[in-house]
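Peer 1: To start, I am sharing the structure in question, which I have written as structure tokens.
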Ligand code: SF4
């Protein structure tokens, strides 16, 4: 089976997943999307209302900001893979529970294995915590981190940047660091 077919099969499994209680309240699971050969792999926290409605990742206000920052560094949405720690929306966008993270994380880990990206960009506290450990985003943003043969880059979640112009400026500066690594 090709990697692309394996990825499609994984996404079919996610669409019908019932491992955690979030399947009871979701409209659509949101497995993430992007090209099989993506160099950059972005990981957010969980779908929001618009993502739940459409089944597509990062299509709400946070997503629009993220895509604009991706475009500012010379790439487009079609160039990168975008996923989340959870594939189903927590009610009222509450913070994911540890039990949900533990059950859902293998899906994003499998996506990473199939895509084999050059850099994995962790967006915000939940993504950083879930993948590399309890680092504070305020201390770790703008930094690369090597672990288990992979390169991670840590920055803020775009939802935090929407709430604070100073966080937005810091996130933009982080993306310039990311861009310089890609040159
Ligand atoms: S959040 Fe993840 S583990 Fe829970 S039902 Fe959705 S896909 Fe399955």
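Peer 1: Percent of Cα-Cα pairs per 10 Å bin, from 0 to the last occupied bin, for the chain, please list those.
Peer 2: Reading upward from the zero bin: 10, 41, 39, 10, 0.
Peer 1: What share of Cα pairs, in percent, lie more than 21 angstrom apart in segment 22-120?
Peer 2: On the way: 1459 of 4851 pairs.
Tail of P(r) above 21 Å: 30 percent of Cα pairs.
Peer 1: Here's a follow-up. Can you give the relative contact order of segment 16-119 as a percent, counting alpha carbon pairs under 8 Å and 6+ residues apart?
Peer 2: On the way: 171 pairs, mean separation 40.6, N = 104.
With pairs under 8 Å counted, the relative contact order is 39 percent.
Peer 1: While we're looking at this one, here's another question. If you average the alpha carbon positions of segment 52-100 and of segment 9-32, how far apart do those two centres end up, in angstrom?
Peer 2: Taking the Cα centre of each part, segment 52-100 and segment 9-32 sit 15 Å apart.
Peer 1: State whether segment 94-183 is rounded, prolate or oblate according to the following rule on the C-alpha gyration tensor (a ≥ b ≥ c being the square roots of its eigenvalues): a/c under 1.5 gives rounded; otherwise a/b larger than b/c gives prolate, and the remaining case gives oblate.
Peer 2: Working: a/c = 2.04, a/b = 1.17, b/c = 1.74.
Oblate, since a/c reaches 1.5 and b/c is not below a/b.
Peer 1: Please give the length that would be gained between residue 103 and residue 68 if that part of the chain were fully extended, namely 0.36 nm times their separation in residues minus their C-alpha to C-alpha distance (nm, one decimal). Working shown, then result.
Peer 2: Working: separation 35, 0.36 × 35 = 12.60 nm, distance 3.13 nm.
Stretched fully, the residue 103-residue 68 segment lengthens by 9.5 nm.
Since every read-out is calculated from the coordinates, none of them should be taken as a lab result. Everything numeric here is computed off the predicted structure, so don't read it as measured data.
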